[in-house]
Amino acid sequence: MTPKMLRFLEGIAPQNLVRRSYDRGLVRLNDACASCARRIRLVVEDARLIPTEPAGVWHVRGGGCGVNNLFCGQACAENWVAVHPSLRGVERGPVHELWSPGLPGT
Ligand SMILES: [Zn+2]
């Protein structure tokens with residue numbers, strides 16, 4: 001990183017790094033499982049996750065390159081992580097727990 005880039009980043013107030021643009025309204029995400037290409041649909045309405053299609057969608061995020069993938073379920077997520085050894089320590093789990101940690105699946 002150049003000194004100019006570093007000065008620019010240091011000049012951004014921490015509160016400006018977090019956006020809350022999804023707290024209201026409807027957000028639709030159409031994606032495909034990163035392992036088997038099955039269609040995945042997520043809908044968030046007023047910051048509340050509507051039951052996913054299919055049910056039980058998983059996420060994997062982390063890694064040095066900013067991996068952030070969706071999977072149709074736990075099996076596909078675990079299989080995908082298994083063939084990417086550098087990502088074995090990444091965060092993963094049911095997508096619904098990102099909205100309601102510890103609650104039963106949607
Ligand atoms: Zn899949």
Report task. Along each of the three principal axes of the Cα atoms of the range 60-99, give the extent in whole Å, ordering the values from largest to smallest. Result -> 26, 19, 13
Query raised in the report: In terms of modelled amide H atoms, which long-range or inter-chain residues lie less than 5 Å from the amide H of residue 40?
Result: 31, 32, 33
Report task. At q = 0.14, 0.22 Å⁻¹, work out log10 I(q)/I(0) for the range 20-99 with the Debye formula, treating every Cα as an identical point scatterer and leaving solvent out; two decimals please. Result -> -0.46, -1.00
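If I stretch the segment between residue 30 and residue 75 completely, what's the gain in nm (0.36 nm per residue apart, minus their alpha carbon distance), one decimal?
Values: separation 45, 0.36 × 45 = 16.20 nm, distance 2.02 nm.
Gain on stretching residue 30 to residue 75: 14.2 nm.
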Report task. Apply 1/(1 + (r/R0)^6) to the Cβ-Cβ distance of residue 2 and residue 98, taking R0 = 35 Å, and write down the FRET efficiency to the nearest 0.05. Result -> 0.50
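All of the numbers you see were taken from the coordinates with simple rules; none came from a lab. Just so we're clear, the structure is a prediction, and the values are computed from it rather than from any experiment. Quick reminder, even Gly has a Cβ in these numbers, built from the backbone with ideal geometry, and neighbours come from all protein chains shown.
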